[in-house]
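Asker: Pasting in a structure now, in structure tokens, and then I'll have a few things to ask.
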Amino acid sequence: MALFCIRIAIIHIFLQLFLTPSDNYGFLRGVTSLGINYGQIGNNLPQPEKVLDLLSSLKLTKARIYDTNPQVLTAFANSNVELIVTVENQMLAVLMDPQQALQWVSNHIKPYFPATRITGIAVGNEVFTDSDTTLLASVVPAIVSIHGALAQLGLDTYIQVSTPNSLAVLAESYPPSAGSFKTEVSGIMSQYLQFLSSTKAPFWINAYPYFAYKDKPDEVPLDYVLFNPNAGMVDPYTKLHYDNMLYAQVDAVLFAIARMGFGGIEVGVSETGWPSKGDADEVGAIVDNAAAYNKNILRRQLKNEGTPLRPNMKLEVYLFALFNEDMKPGPTSERNYGLFQPDCTMVYNVGISALSSPSSTSTASISLTSSATKVKT
């Protein structure tokens with residue numbers, strides 16, 4: 001009887017997620033592209049103007065930065081690159097105050113918009129799993145205040161407000177239908193989801209299948225995490241088949257959101273990537289794996305794929321990262337997620353090297369920009 005009840009509950013959540021009207025999800029999109037995270041924790045990185053040239057040559061039209069660096073915002077003006085900017089975690093307590101939020105938006109956003117195509121503000125990063133509990137109490141009020149400031153300035157219809165979350169915000173993630181949030185964040189998570197639901201902003205997740213493989217290389221199939229051909233897994237409750245871990249992780253988040261009573265919220269991947277180098281204990285952190293992971297994600301993006309739970313909705317993905325950043329703390333892998341070295345040479349080729357040559361017809365060259373249409377199922 002208990003198992004039967006679980007199955008009924010899963011079916012109810014499944015239908016809520018799968019059958020929600022498409023106008024809540026934006027099934028039909030215009031021209032979209034794979035995004036890239038442009039981190040700047042390095043002492044040898046190129047100037048923003050050169051970075052823009054690199055993005056343009058690669059036909060990348062979406063990027064995320066981890067601050068509101070005025071040099072970047074100025075350099076990216078009058079380009080076709082859409083930017084998500086970030087409010088640093090240490091600012092959240094201050095920006096709970098609506099007047100402070102208005103001043104922040106007036107100083108950091110309004111002077112650059114619309115010449116610089118700011119489309120999103122990430123309020124903090126991985127706040128829900130940060131050890132500083134005061135951040136958690138600040139994040140939703142700061143989000144609401146910043147959104148209110150945007151509305152006051154007439155910018156709220158152009159710029160979405162959200163916050164990227166670590167996958168560690170989940171108490172359960174396997175199988176995907178068991179996805180649920182940790183109980184200690186459920187109260188504030190409910191407030192956050194209510195905000196996203198009312199503003200149609202996405203729930204962003206930083207998802208790294210690499211970590212699952214690194215921690216349990218004898219249990220997690222490498223081909224499954226790299227998007228290589230493999231048998232995959234079937235969720236025992238939904239019977240959905242997964243041939244890669246990233247899509248399973250995203251659907252686990254969707255189920256967790258549904259368990260909180262929200263079915264019409266988009267989930268996007270704000271960060272994912274694979275390090276090309278690591279320490280001795282960082283299993284799998286090699287160039288071949290990094291190239292395979294990012295190349296396979298690129299191919300999936302060009303197919304306008306959704307996850308098994310939402311096959312008709314293209315999954316937005318921002319790769320981490322554009323450059324290797326030599327000043328990042330932590331293990332060697334942290335400084336080796338980049339597709340490019342600081343001198344703009346490739347760390348490895350994911351199939352985009354020929355994009356800078358308009359005459360190239362190389363089959364290894366894949367445009368990162370595509371027209372997204374409803375996927376046939």
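Asker: Order the following by accessible area, largest value first: LYS214, LYS59. Probe radius 1.4 Å; ligands, DNA and RNA are ignored.
Answerer: So, going from the largest accessible area down, we get LYS59, LYS214.
Asker: So if we plug the beta-carbon distance of GLN90 and ASP326 into 1/(1 + (r/R0)^6) with R0 = 25 Å, what FRET efficiency do we get, rounded to 0.05?
Answerer: 0.60
Asker: Still on this structure, please answer the following. Highest mean first, how do 142-148, 286-292, 180-186 rank when packing is the count of other Cβ atoms within 10 Å averaged over residues?
Answerer: Sorting 142-148, 286-292, 180-186 by mean packing, highest first, produces 142-148, 286-292, 180-186.
Asker: 5 Å is the cut-off here: which amide hydrogens, built 1.01 Å from N in the peptide plane, fall below it relative to PHE340, excluding neighbours closer than 5 in sequence?
Answerer: PHE323, ASN324, VAL347
Asker: Let me ask something else. In segment 115-129, which residues have a backbone nitrogen under 15 Å from the label point lying 7 Å from SER56's Cα in the Cα-to-Cβ direction?
Answerer: 116-117, by backbone N distance to the label point.
Asker: Under 5 Å between amide hydrogens, which residues at least 5 positions from ILE118 or on another chain qualify, with H placed 1.01 Å from N in the peptide plane?
Answerer: When sequence neighbours closer than 5 places are left aside, the close amide H contacts are LEU83.
Asker: Using a 1.4 Å probe, how large is the accessible area of ASP326, given in Å² and rounded to the nearest 10?
Answerer: Per-residue accessible area (ASP326): approximately 70 Å².
Asker: Going toward the positive end of the dipole of segment 285-347, with +1 on Lys and Arg Cβ and -1 on Asp and Glu Cβ, which of PHE340, THR307, TYR318 do you reach last?
Answerer: My answer, from the dipole projection, is THR307.
Asker: How big is the charge dipole of segment 159-233 about its Cα centre, in debye rounded to the nearest 20, if each Lys and Arg gets +1 on its Cβ and each Asp and Glu gets -1 on its Cβ?
Answerer: The calculated dipole for segment 159-233 is roughly 300 debye.
Asker: So, one more: What distance in nm separates the two pseudo spin-label positions at PHE211 and VAL287, each 7 Å out from Cα along the beta-carbon direction?
Answerer: 2.7
Asker: Moving on. Given the Cα-Cα distance of ASN312 and MET260 and 0.36 nm per residue of separation, how much length would full extension add, in nm?
Answerer: So the chain would gain 16.4 nm between ASN312 and MET260.
Asker: Give the carbon-plus-sulfur fraction of the accessible surface of segment 114-229 in %, rounded to a whole number; probe 1.4 Å, heavy atoms of protein chains only.
Answerer: Carbon and sulfur together cover 51 percent of it.
Asker: So if we plug the beta-carbon distance of SER186 and LYS239 into 1/(1 + (r/R0)^6) with R0 = 35 Å, what FRET efficiency do we get, rounded to 0.05?
Answerer: 0.80
Asker: What is the dipole size for segment 242-358, taken about its Cα centre, with +1 at each Lys and Arg Cβ and -1 at each Asp and Glu Cβ, in debye to the nearest 20?
Answerer: Roughly 460 debye, rounded to the nearest 20.
Asker: So, one more: Which residues in segment 317-338 have a backbone N closer than 15 Å to a point placed 7 Å from the Cα of ASN43 along the Cα-to-Cβ line?
Answerer: Output list for this probe position: 325-329.
Asker: Sticking with this one: For ILE36, enumerate residues with amide H under 5 Å from its amide H, sequence gap 5+ or separate chain, H modeled in the peptide plane.
Answerer: Amide H neighbours of ILE36, under 5 Å, 5+ apart: LYS62, ALA63, ARG64, LEU319.
The values are calculated or read from the model by the stated rules, or taken from the named source; none is laboratory data. Computed from a predicted model, the values in this text were never measured in an experiment. A quick note on method: Cβ atoms are made from the backbone with ideal geometry, for glycine too, and the neighbour counts reach across all protein chains shown. For the accessible areas, the whole protein counts, side chains as well, though only heavy atoms, and no ligand, DNA or RNA atoms are used. Shrake-Rupley method; radii C 1.70, N 1.55, O 1.52, S 1.80 Å.
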